[in-house]
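Here's the structure we're looking at; comments come further down.
What follows draws every value from the coordinates through simple rules; no lab data is involved. What you see is a predicted model; the values in this text were computed from it and never measured. Note: ideal-geometry Cβ built from the backbone for every residue, glycine included; neighbour counts use all protein chains shown.
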Amino acid sequence: MVQLYDISRLVSPRLTLWPGDASFKVEQILDIETDNYVNLTKFCMGPHTGTHTDAPWHTEKDGGDITTVPLDHYVGPAQVVTIDTKHGPLTPAAFADHDLTGAERLLIHTWNSELPDDQWPEDFPYPTPELADWLADLGVILLGVDLPTVDAFDSTELACHHRLNYHGISIVERLILKDVPDGIYELIALPLKIEGLCGSPVRAVLRTL
């Protein structure tokens, strides 16, 4: 039987955000209880709220907005891999015990998936440019992480963002891979088609093959 794993963070007022990002707010405009024929809401949130993908323009001056990303990167076979590294840079050596042959989309499962939505890590393992180069040589077209970012929390150079963009590897951040066994699945994690955004929330789902 086909099984679906929802690997998206719940967007709510309890969800922690990158420091300085737009807070999540929901407002009810119309209410059936007060003689309106529908309930109607509006919401405000940053494009990097919860589980999301970065547009190249997020870190590249001449990069495209979210409407320019290749949709085929966000749908297709994906390999979930659990690593034991708790902190610091992630290099290819962290994956020595995993066979990534043929992996088009790599989803990295760390201890961050165990954190509840209201907790925010600042010291976590993070991919490196060396890892980005290695993944590109393997043919990876999307890197997904359960981390807040693919660089160190205090990085201003954002070297791994730049290297992944250089290789044309799409980035999905802040997945939640708790209770997802390692293995190969079908990933569906499409961004919204909104002009001018530097990223987009995604409803990321894994489907067993």
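For each of 141, 188, 32, count neighbouring Cβ atoms within 10 Å of the residue's Cβ, then give the residues from fewest to most. Mind showing how you got there, number by number?
Numbers: 141 19, 188 16, 32 10.
Final ranking by Cβ density, sparse to dense: 32, 188, 141.
Running a GNM on the chain with Cα contacts under 10 Å, which residue among 171, 108, 29 ends up with the highest mean-square fluctuation?
Taking springs between Cα atoms under 10 Å, the residue moving most is 29.
In the chain, which longest range has no trypsin sites (Lys or Arg not before Pro) that are both DSSP loop (not H, G, I, E or B) and surrounded by at most 16 other Cβ atoms within 10 Å?
Working: sites that count: 14, 61, 86, 178, 193, 203.
Value returned for the longest uninterrupted segment is 87-177.
Once you charge only the Cβ atoms, +1 for Lys and Arg and -1 for Asp and Glu, what is the size of the charge dipole of segment 1-132 about its Cα centre, to the nearest 20 debye?
Numbers: 7 positive and 21 negative charges, 8 e Å.
The calculation lands at about 40 debye.
Which of rounded, prolate or oblate describes segment 1-75 when judged by the alpha-carbon gyration tensor and an a/c cut-off of 1.5?
Working: a/c = 2.00, a/b = 1.51, b/c = 1.32.
Note, shape of segment 1-75 comes out prolate.
Starting from the Cα of residue 42, draw a straight line to each of the aspartates and glutamates and keep only those under 20 Å, dropping any in the same chain fewer than 8 residues away.
Result set, ordered by chain and number: 21, 27, 31, 33, 195.
Could you give each residue of segment 139-154 its phi-based ³J(HN,Hα) in whole Hz, using Karplus coefficients 6.51, -1.76, 1.60 with θ = phi - 60°, and x for Gly or Pro?
Once rounded to whole Hz, the list reads x, 5, 10, 8, 10, x, 9, 8, 9, x, 7, 9, 10, 4, 4, 9.
Just how large is the dipole of segment 67-114 about the Cα centre, in debye to the nearest 20, putting +1 at every Lys and Arg Cβ and -1 at every Asp and Glu Cβ?
120 debye
In segment 1-95, which chymotrypsin sites (Phe, Trp or Tyr not before Pro) fall in coil by DSSP and have 11 or fewer other Cβ atoms within 10 Å?
Details: sites: 5, 24, 37, 43, 57, 74, 95; in loops: 24, 37.
Answer by residue number: 37.
For residue 115, which sequence-distant residues (separation of 5 or more, or a different chain) have an amide H within less than 5 Å of its own amide H, given hydrogens modelled in the peptide plane?
none
Enumerate the lysines that residue 178 could reach by cross-link, defined here as Cα to Cα under 24 Å, with residues fewer than 8 away along the same chain left out.
Correct list for residue 178: 86.
Starting from the Cα of residue 61, draw a straight line to each of the lysines and keep only those under 30 Å, dropping any in the same chain fewer than 8 residues away.
25, 193
Extending each Cα 7 Å along its Cβ direction at residue 138 and residue 86, get the distance between those two points in nm, one decimal.
2.4 nm
Considering the chain as a Gaussian network with a 10 Å cut-off on Cα pairs, which listed residue, 191, 116, 129, attains the greatest mean-square fluctuation?
Taking springs between Cα atoms under 10 Å, the residue moving most is 116.
Express in whole angstrom the spacing between the alpha-carbon centres of segment 3-77 and segment 162-180.
16 Å
Does anyone have the angle between helix 129-138 and the longest principal axis of the chain? Alpha-carbon axes, 0 to 90°, nearest 10?
Computed tilt is about 80 degrees.
Return the single residue from 130, 33, 195 with maximal mean-square fluctuation; model: Gaussian network over the chain, springs between Cα atoms under 10 Å.
33
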